[in-house]
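Heads up, the thing below is written out as structure tokens.
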Amino acid sequence: MKALAARRHHRLAPVVLLLLALLATGGLYALLAPSPASADSASTQDIETGEKLFQANCATCHGPSATGTDDVPSLVGVGAAAVDFQVSSGRMPMQSNGPQAIRKPAQFDAEQTAQLAAYVASLGTGPTVPTDEQVDPALGDPATGAAVFRTNCAMCHNAVGAGGALSEGKFAPSLLEADVTDRQIYEAMQTGPQSMPVFNDANITPEEKRDVIAYIEEQRDGSAGGLSLGSLGPVSEGLWAWVVGLGLLIGAAVWIGAKSS
Amino acid sequence: MSTTERAAAGTADYLDQRTGLGKAVKEFARKTFPDHWSFLLGEVALYSFVILILSGFFLTMFFVPSMALIEHHGAPATMDGVLMSEAFSSTLHMSFDVRGGLLMRQIHHWAALLFMAAIVTHMMRVFFTGAFRKPRELNWLVGIGLLITGLGAGFTGYSLPDDVLSGNGLRITDGVIKSIPIIGSYMSYFVFGGEFPGEDIIPRLFTLHILVVPAIILAMIGLHLMMVVLHKHTQYPGGGRTDKNVVGFPLFPVYVAKAGGFFFVVFGVLALMGGTMAINNVWNYGPYDPSPVSAGAQPDWYMLFLEGSLRLMPGVTEYMIGDYTLSLNVLVPAVIIPGILFTFLIVYPFVEARVTKDKREHHVLDRPRNVPVRTGLGVAFLTAFIILALAGSNDLIATHFSLSINEITWVFRILLFVGPWFAFWVTKRICLGLQRKDRELVLHGHETGRIVRFANGEYIEVHRPLDEQERWLRVAYDAPTPLELEPQTDARGVPRKGYKKERRWARLSRFFYEDRIEPVTPSELAAAHAHGSHDELEGAKAPELHAGDTTHEGDR
Ligand code: HEM
């Protein structure tokens with residue numbers, strides 16, 4: 001890790017990395033195109049199984065040909081990444097009619113999710129599911145990630161990704177929970193689920209997306225200063241100052257006062 | 001006598017012969033201090049201020065108050081190679097590379113939060129017990145001076161690390177300054193040395209924070225404590241305690257030991273908090289840059305009520321008059337609302353004295369229930385303060401309780417107007433109820449639950465009369481009557497000057513004292529006893545009235 005980090009600081013390192021990344025992307029593209037989901041899953045059989053799953057679980061809302069209705073978006077062209085994000089995070093199939101679809105335990109296993117994704121991807125091209133390398137925090141730079149996060153994400157998700165409120169009961173969820181996977185973070189930027197805007201590769205490059213993942217992973221390691229108190233900022237700090245600080249001291253004062261009479 | 005003792009005695013003697021210190025120390029050591037936990041709240045404020053100075057001194061050794069742009073190298077990984085001001089970089093350096101630096105920073109910040117919390121609770125104690133009455137009105141004003149400079153200390157310190165969060169705070173400050181009609185924009189350029197944020201504000205705030213504000217606070221604390229010694233401390237009502245004496249411990253050794261020990265308790269709690277609970281981890285927010293604002297951007301708790309009033313104010317109240325903008329949407333929440341709060345605090349002791357026609361000295365505190373309107377007003381203002389602070393946290397309330405932020409905001413807008421009235425009304429009712437219960441108790445004694453049947457078939461419940469201490473507590477208070485208004489015209493039918501003004505005061509006085517419960521008089525007590533004498537089956541012998549065995553009684 002140390003050696004890797006040291007080499008990363010070489011002046012030419014970004015260029016080499018970029019070349020490698022380009023090569024890898026090109027090679028992968030040649031290998032996988034037009035299959036959008038993971039490596040070998042794009043067989044017609046997968047698409048067919050995916051369609052069956054779709055008709056059984058999703059068509060009631062998204063329509064039999066996934067073209068959507070007035071209230072439910074069309075899935076033509078949303079891509080495998082959107083399906084992978086929504087289904088693996090349990091948001092789809094949607095259940096309650098709240099202000100927004102919320103995270104639940106996933107209802108489908110990895111294979112079924114890939115089949116659903118393959119089916120939706122077959123309806124129109126869209127963002128593909130990122131590779132493991134694209135989302136590997138060890139390859140990202142947390143400092144760049146922090147800067148990207150600050151300007152693009154923090155206004156909704158809070159400075160370290162602890163989550164925040166949006167209008168009318170909607171909210172930007174916390175990114176610090178362990179069940180938010182690196183892949184989902186990438187896909188969320190790519191597809192802009194619910195109220196979140198899309199950050200396409202021109203907005204935030206794939207490398208920067210990986211840097212953001214590295215930043216978020218860094219935050220999960222906890223705080224240098226001790227208990228993070230939810231990383232919610234001055235309001236929770238103030239609450240703790242009253243409860244723990246003044247609480248303990250009033251306790252002590254009562255004890256000292258009680259010794260008098 | 002050992003050598004050290006001899007040396008000590010020698011020094012003391014030397015000093016005494018030249019300064020007369022001995023007499024002063026002896027005098028001072030015998031000063032009596034009443035004891036109650038709520039009298040220690042002021043000490044919590046004092047001690048956290050001492051700790052603020054000690055830890056702050058350490059921080060100045062490493063902090064660089066400069067907005068010059070540099071590239072930061074080193075920990076944390078999320079800030080390595082990032083362009084930032086020297087102020088921010090030195091804060092990171094102090095947190096990650098200086099041994100004990102982060103601990104000191106965290107102790108300093110927790111101490112600041114605790115300082116303000118202690119000041120506010122101390123002030124609540126003084127308010128609700130009526131400790132601000134003559135002769136302590138001036139000390140109350142010094143206290144308010146301390147409260148305001150305390151806010152100033154917090155504000156100037158909070159902005160120093162030059163991170164995004166504190167920069168957002170400065171941005172709001174800039175907006176508030178600019179909202180002042182006519183001079184606003186000039187003031188803003190004056191304060192920031194050019195257009196916001198400029199390069200001057202951090203060095204300027206630094207000088208205020210480490211020199212000017214602490215010096216003012218220190219001077220005012222000196223004045224404050226001098227007056228406490230001068231007036232001698234108040235005491236809670238109880239048997240043997242009057243406006244003429246002080247019942248408590250001599251300052252030396254008992255009170256000094258207690259107070260000195262308590263300093264270490266405060267220090268211990270703050271060290272524990274600084275060591276285990278993260279506070280203001282500025283590297284999470286990043287170096288200041290005017291464009292980003294993160295969700296959950298709030299000021300420290302003592303400024304939260306201002307944040308809340310800004311969040312509640314509808315934005316449409318901004319008007320254009322010719323080429324000028326009148327920003328009522330900022331002026332009202334950021335200037336008028338705190339103005340109302342501080343005006344109330346400043347004038348209250350004088351208004352109360354006026355409507356009570358009270359010119360006596362008071363050294364025995366009020367039980368809050370015995371002054372229902374004062375207690376009600378205090379609770380009403382607290383309620384407004386809390387509603388505003390909650391409104392300043394509306395986003396966190398929305399996410400943590402799955403509510404709609406828009407609805408919460410509307411609820412708080414309504415609550416801000418309804419809540420304080422309701423709180424006043426309920427508190428006043430509760431106080432009057434408690435007073436009635438006290439009357440009941442004094443007249444009829446404690447219920448014992450023992451039912452006795454007499455030979456003639458009559459049933460009664462045995463009541464145990466109160467002992468002298470209990471009774472004293474419940475009857476020794478004043479229930480002032482509303483001011484009498486002299487007729488509009490004098491004896492010769494000539495209209496009196498100042499009648500209108502008097503009428504206004506009389507009306508206010510009626511608001512204060514119209515509803516009141518009179519304390520039980522001795523004759524009422526005697527009558528009740530004559531009537532219920534057969535209640536006293538077991539003659540509870542009243543104890544001798546004294547101030548307690550271990551305590552010490554001094555003169556005013
Ligand atoms: C830096 C802030 C402050 C410090 C260090 C401080 C310290 C103290 C101390 C140590 C005492 C004596 C013990 C006690 O009664 O608690 C005291 C008494 C008093 N304080 Fe403060 N105080 C501060 C702020 C305030 C404020 C904000 C007010 C009200 C506006 C206030 C009003 C009073 C009054 C009226 C007394 C006399 C109380 C009595 O004799 O019953 N003080 N203060």
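The values are calculated or read from the model by the stated rules, or taken from the named source; none is laboratory data. Please read all numbers here as calculations on a predicted model, not as lab measurements. Cβ sites come from the backbone with ideal geometry, for glycine too, and all protein chains shown count toward neighbours. Just so you know, the surface numbers come from the protein's heavy atoms only, side chains and all, with ligands and any DNA or RNA stripped out. Shrake-Rupley method; radii C 1.70, N 1.55, O 1.52, S 1.80 Å.
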Assign one of three labels to region A:137-223, namely rounded, prolate or oblate, based on the Cα gyration tensor with a ≥ b ≥ c the square roots of its eigenvalues; rounded applies when a/c is under 1.5, prolate when it is not and a/b is larger than b/c, and oblate otherwise. oblate
Need one value: the accessible area of residue B:390 in square angstrom, 1.4 angstrom probe, rounded to the nearest 10. 80 Å²
With N residues in chain B, Rg(alpha-carbon) / (2.2 N^0.38 Å) equals 1.20
Express in Å², to the nearest 10, the accessible area of residue B:346 obtained by rolling a 1.4 Å probe over the protein heavy atoms while all chains stay in place. 70 Å²
Apply 1/(1 + (r/R0)^6) to the Cβ-Cβ distance of residue B:230 and residue A:96, taking R0 = 60 Å, and write down the FRET efficiency to the nearest 0.05. 0.35
Take the Cα radius of gyration of the protein assembly as shown and divide it by 2.2 N^0.38 Å, with N its residue count; two decimals is plenty. 1.22
Sum -39500 (n - 2.57) across every DSSP H segment of at least 4 residues in chain B, then divide by the residue count to get the 222 nm mean residue ellipticity, nearest 500. -18500 deg cm²/dmol
At a 1.4 Å probe radius, carbon and sulfur cover how many percent of the accessible area of the protein assembly as shown? 64 percent
Other chains' Cβ within 10 Å of B:162-173 residues: what's the mean? 1
For B:388, A:20, write out the residues from largest to smallest accessible area, computed with a 1.4 angstrom probe and no ligands counted. A:20, B:388
What shape does region B:441-541 have by the C-alpha gyration tensor, where a ≥ b ≥ c are the square roots of the eigenvalues, rounded means a/c under 1.5, and otherwise prolate means a/b greater than b/c and oblate the rest? prolate
In degrees, nearest ten, helix A:142-152 long axis to first principal axis of chain A (Cα): 90 degrees
Accessible area buried between chains B and A, both sides summed, probe 1.4 Å, in Å² to nearest 100: 4300 Å²
Take residue B:57 and residue A:243, extend 7 Å from each Cα along the Cα→Cβ direction, and tell me the distance between the two endpoints in nm. 3.5 nm
The extension gain from residue B:30 to residue B:401, computed as 0.36 nm times the residue separation minus the Cα-Cα distance, is 128.0 nm
Rg to Rh ratio, chain A, alpha-carbon atoms and Kirkwood radius? 1.10
Please go through region B:1-82 and write out the chymotrypsin sites (Phe, Trp or Tyr not before Pro) that DSSP classes as loop and that have at most 14 other C-beta atoms within 10 Å. none
Within 10 Å of each Cβ in peptide A:148-158, how many partner chain Cβ atoms are there on average? Round it to a whole number, please. 5
Compute the Kirkwood hydrodynamic radius of region B:289-432, taking the inverse of the mean of 1/r over all pairs of distinct Cα atoms, and give it in Å to one decimal. 17.6 Å
Cβ charges +1 (Lys, Arg) and -1 (Asp, Glu), total dipole of region B:452-498, debye: 220 debye
What shape does region B:168-320 take by its C-alpha gyration tensor, where a ≥ b ≥ c are the square roots of the eigenvalues and a/c under 1.5 counts as rounded, a/b above b/c as prolate, and the rest as oblate? prolate
Report the full-extension gain for the segment residue B:459 to residue B:141: residue separation times 0.36 nm, less the Cα-Cα distance, to one decimal in nm. 108.7 nm
Pairwise FRET efficiency - residue B:434 versus residue B:496, Cβ, R0 = 56 Å, nearest 0.05: 0.90
If ligands, DNA and RNA are left out, what is the accessible area of residue A:132 with a 1.4 Å probe, given in Å² to the nearest 10? 120 Å²
Would you please report the Å³ per residue occupied by the convex hull of the alpha carbon atoms in region B:341-419? 124 Å³
Please report the relative contact order for chain B, taking Cα pairs under 8 Å with a sequence separation of at least 6, and give it as a percent rounded to a whole number. 18 percent
Could you give the angle, 0 to 90 degrees to the nearest 10, between helix A:247-258's Cα long axis and the longest principal axis of the Cα atoms of chain A? 20 degrees
Would you rank A:47, A:213 by solvent-accessible area, highest first, keeping every protein chain in place and using a 1.4 Å probe? A:47, A:213
Relative to the first principal axis of the alpha-carbon coordinates of chain B, what is the inclination of helix B:256-276, with its axis defined by its Cα atoms, in degrees from 0 to 90 and to the nearest 10? 40 degrees
